[in-house]
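Chemist: For reference, the structure I am asking about is given below.
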Amino acid sequence: MDDEGGGRMSAAGGIFALPGSRVRRFAEAISWLWRLGPVCESPDRAAVGLGWLDEMAELRKLVRSGELAGAAVFAARPGPRTGRMPGRHRRAGTPSFGPDCRIGGDFYVLDAKGEAVVRSELGAHAVRDGAWMLVGADPDASWGALDNAWVLSALADFLVDVLDRPLALLPPIGWVRYDDAPGSAYHQLAGRYKPDRKMQGRLSKAVSRFAAAGACLNIAIPPRTLVNGRETPVDEVWPRSIAAIQDGLRDGHVEPVYHGYLHLDTAAWEAGQLSPREFENVGREEADRRLDIAFEWFAETFGPERRTFVAPVWTYSDGLLEALADRGVPTWLPPDLGPLAAANTVHETIYSTMEGLVGLDYGPFGMLANVGLPPTVVIHGGLFDARMHGLRDRRQVVSAARLFLRRDMLRVPWVEGVRWIGASELVDRLRAHDRVSVNGSTVTGPAGTAVVVRDRTGSRAISLDA
């Protein structure tokens with residue numbers, strides 16, 4: 001890459017993507033996350049262009065002419081160096097991207113002119129030359145996985161420097177949600193449930209661990225289960241477990257989350273099939289019935305406080321979404337590119353299979369939180385989904401043995417660099433963040449909103465006055 005200049009920009013700053021570029025959705029996601037304003041529809045000398053390797057020539061012309069302040073180009077396929085096109089090599093491994101921050105997967109190593117701003121044992125992953133940066137990654141594919149952490153960090157530093165304007169970040173927060181506790185009709189019928197006394201012990205230990213770390217554990221609870229084919233309140237089957245959740249709630253270290261009704265597709269069950277996708281084909285009338293019963297049970301059991309909702313297996317019918325929207329209940333959706341918070345929905349940020357996680361290196365959670373992307377950690381049982389498969393594939397016998405003694409659930413509250421909060425607080429913070437704006441060096445938003453300002457001097461936490 002050659003630095004071919006680019007004019008100075010106003011303090012406004014922003015991001016530009018070429019018409020039709022598939023980088024646009026990623027551009028919209030980070031523009032919302034860092035309060036950069038709408039993605040520019042046309043080149044702007046106060047903007048940085050984002051694009052793919054095959055868009056490099058066109059972006060280069062815009063930077064050379066002064067129509068863009070700079071550009072960052074993503075390279076996500078191997079190839080030799082040809083002319084201005086740098087060489088790219090794909091290598092598998094578990095490289096380190098900082099202290100206690102190894103990430104596993106396939107990575108692109110770059111042979112390009114410039115300073116390597118991201119480097120691991122495998123080689124250079126991001127190279128900068130003045131107002132240009134080449135990034136060996138596919139940000140679309142890595143969104144929702146842990147291996148996008150280093151990409152966001154490198155890009156934030158680049159934008160701050162080239163645009164010479166601050167980014168407004170969320171503070172380093174995240175949440176942990178324990179799903180399907182203490183059990184569900186689906187798990188009962190599948191023979192994969194735990195008896196009440198065992199679940200009580202697991203929940204009490206987890207709540208105690210979160211309390212010791214000053215953290216909050218969110219617990220997603222299906223309010224009904226089946227006993228001899230009859231719908232039964234879950235506390236009649238797991239009374240001790242529900243009592244343990246109530247104890248944690250009183251102490252301020254637990255937040256219950258609505259988690260469907262039975263956690264079972266009853267139509268499929270009647271047809272002889274077992275599926276947890278309870279609301280996949282549920283219409284509005286039946287959705288209303290189930291929500292009314294669920295919300296009444298939650299109010300009687302845990303109090304009338306505002307709750308959030310996640311459907312079993314994140315599967316929503318139109319009728320369910322309409323019923324939740326009419327009730328004004330914040331609803332969790334799977335990771336997806338774009339703003340994290342909309343009118344009534346909130347996107348999680350990490351898939352529960354934790355792609356990229358290596359052994360007991362939880363550092364990527366802190367790296368994501370440090371760039372304002374709150375890690376959302378979902379656990380089914382004591383371990384992350386498919387955890388043992390990942391350890392076995394990488395032959396991490398020692399990590400497996402250590403997890404047998406202390407599982408992910410009990411380790412996550414102590415991850416460095418993240419404050420784990422309740423789901424309703426996170427929703428409030430995301431909605432407030434949606435109203436934060438940056439004008440020059442001035443950050444404004446709802447009074448009392450906590451913001452991390454990231455500029456050329458570093459990062460600093462502030463509380464907005466207005």
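Read the figures in this text as sums done on the coordinates, not as results from a lab. The structure displayed is predicted, hence computed values, not measured ones. Backbone-built Cβ (ideal geometry, glycine too); neighbour counts: all protein chains shown.
Chemist: I need to check one value: relative contact order of the chain, counting alpha carbon pairs closer than 8 Å and at least 6 residues apart, in percent.
Modeler: Reported relative contact order: 18 percent.
Chemist: Follow-up. What angle do you read, to the nearest 10 degrees and between 0 and 90, between the alpha-carbon axis of helix 318-327 and the longest principal axis of the chain?
Modeler: Value to nearest ten degrees: 90.
Chemist: Shifting gears a bit: Within 10 Å, count the other beta carbons around each residue, average over each peptide in 259-271, 368-380, 285-297, and list them highest first.
Modeler: Result, highest mean Cβ count within 10 Å first: 368-380, 259-271, 285-297.
Chemist: Moving on. Using the Kirkwood formula over every pair of different C-alpha atoms, what hydrodynamic radius in Å results for region 173-429?
Modeler: 18.7
Chemist: Related question: Kindly write out, for region 285-297 in residue order, the coupling ³J(HN,Hα) from the Karplus curve 6.51 cos²θ - 1.76 cosθ + 1.60 (θ = phi - 60°), rounded to whole Hz, with x marking Gly and Pro.
Modeler: 4, 5, 4, 4, 4, 5, 5, 4, 5, 4, 5, 5, 5
Chemist: For region 329-466, evaluate the Debye formula with one uniform point scatterer on each Cα (no solvent term) and list log10 I(q)/I(0) at q = 0.17, 0.22 Å⁻¹, rounded to two decimals.
Modeler: At q = 0.17, 0.22 Å⁻¹ the computed log10 ratios are -1.01, -1.40.
Chemist: Quick query: amide H of residue 333 versus all other amide H atoms, modeled in the peptide plane; which residues come in under 5 Å with a sequence gap of 5 or more or a different chain?
Modeler: Counting only residues 5 or more places away or on other chains, the set is 346, 347, 348.
Chemist: Something else: Given a Förster distance of 51 Å, report the FRET efficiency between residue 251 and residue 161 from their Cβ-Cβ distance, rounded to the nearest 0.05.
Modeler: Efficiency, from the Cβ-Cβ distance: 0.70.
Chemist: Once you charge only the Cβ atoms, +1 for Lys and Arg and -1 for Asp and Glu, what is the size of the charge dipole of region 15-168 about its Cα centre, to the nearest 20 debye?
Modeler: Around 320 debye, computed over region 15-168.
Chemist: Relative contact order of region 173-429: what whole-number percent is it, with Cα pairs under 8 angstrom and at least 6 residues apart?
Modeler: Relative contact order, region 173-429: 24 percent.
Chemist: Could you tell me the center-to-center distance, by alpha carbons, between region 250-272 and region 399-466 in angstrom?
Modeler: Cα centroid of region 250-272 versus Cα centroid of region 399-466: 28 Å apart.
Chemist: Further question: Can you list residues from other chains, or at least 5 along the same chain, whose modelled amide H is less than 5 Å from the amide H of residue 52?
Modeler: The answer is 74.
Chemist: Measure of size requested: the Rg and Dmax of region 77-221, with Cα atoms as the atom set and Å as the unit; please supply both.
Modeler: For region 77-221, the Cα radius of gyration and maximum Cα-Cα distance read 21.8, 67 Å.
Chemist: Same structure again: I need the calculated FRET efficiency for the pair residue 116 and residue 425, taking r as the beta carbon distance and R₀ as 45 Å, to the nearest 0.05.
Modeler: Approximately 0.70, to the nearest 0.05.
Chemist: With label points built 7 Å along Cα→Cβ from the Cα atoms of residue 299 and residue 42, find their separation and express it in nm.
Modeler: In this crude spin-label approximation the distance works out to 5.4 nm.
Chemist: Could you give the nm distance between label points at residue 141 and residue 441, where each point is 7 Å from its Cα heading toward the beta carbon?
Modeler: 4.2
Chemist: Still on this structure, I have one more. How much length is gained on full extension from residue 61 to residue 457, taking 0.36 nm per residue of separation minus their Cα-Cα distance?
Modeler: 139.5 nm
Chemist: Hey, what do the phi angles of region 163-179 turn into as Karplus ³J(HN,Hα) couplings, whole Hz, using 6.51/-1.76/1.60 and θ = phi - 60°, x for Gly and Pro?
Modeler: Once rounded to whole Hz, the list reads 7, 6, 8, x, 9, 10, 10, 5, x, x, 10, x, 9, 10, 10, 9, 8.
Chemist: By how many nm would the segment from residue 212 to residue 414 grow when fully extended, if each residue of separation counts as 0.36 nm and the alpha-carbon distance is taken off?
Modeler: Gain on stretching residue 212 to residue 414: 71.8 nm.
Chemist: For the chain, what is the largest minus smallest coordinate of the Cα atoms on each principal axis, given in angstrom and ordered from greatest to least?
Modeler: Principal axes ranked by extent give 73, 51, 45 Å for the Cα atoms.
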